[in-house]
Amino acid sequence: MSVYESILKGLNEAIEYEKGNVQTRTAKCTVSPVPDFSSEEIKDIRLGFGMTQLTFAEVMGVSVKTVEAWEAGTNKPIGAARRFLSVLKADPKLLVKNNIISA
């Protein structure tokens with residue numbers, strides 16, 4: 001099936017759904033809000049992993065200057081970085097389990 005055909009099929013299914021001709025399965029999920037992190041909390045997370053700012057920057061996918069600014073309180077992480085920090089805080093073994101770092 002080409003991309004065009006796939007898009008057309010999806011649009012036709014959406015039209016039929018809106019007309020009430022098609023039943024769909026739905027699942028309800030709740031997404032927790034993305035937490036804010038203070039400069040101290042960010043530094044504590046980094047130090048909890050025993051990482052330098054350079055290593056932590058590589059793990060986070062940002063520059064060392066960005067980590068420095070987060071920890072100085074000059075800038076705050078946004079979006080995906082905040083979500084990733086919350087995941088790291090919740091599961092400290094995540095980096096090793098996912099081969100992001102070696103033990």
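Just so it is clear, none of the values below were taken in a lab; they were calculated from the coordinates. Just so it is clear, the structure is predicted and the values come from calculations on it, not from any experiment. Note that we place each Cβ from the backbone using ideal geometry, even for glycine, and neighbour counts take in every protein chain shown.
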Problem - Segments classed as helices (runs of 4 or more DSSP H), wholly inside the chain, with at least 2 members that are exposed (fewer than 11 other Cβ atoms within 10 Å of the Cβ) - result: 3-18, 79-90
Problem - Inter-residue pairs, beta-carbon under 6 Å, first on the phi > 0 side of the Ramachandran plot and in the stretch 72-94, second of a type in the set (S, T, N, Q) and surrounded by 15 or more Cβ atoms within 10 Å (Cβ to Cβ), 6+ apart - result: Gly73/Ser39
Exercise for the section: Tell me which residues, restricted to the stretch 38-67, are under 15 Å from Ile78 (Cβ atoms) and of a type in the set (Gly, Ala, Ser). Expected result: Ser38, Ser39, Gly61, Ser63
Handout entry: Selection status of Lys65, under 27 Å from Val31 (Cβ atoms) and not β-branched (Val, Ile, Thr)
Key = no
Completion exercise
Exactly one of Phe56, Phe49 is over 14 Å from the mean Cα position of the chain (by Cα) and free of Cβ contacts under 8 Å to residues at least 40 places away in the same chain, and that residue is Phe56
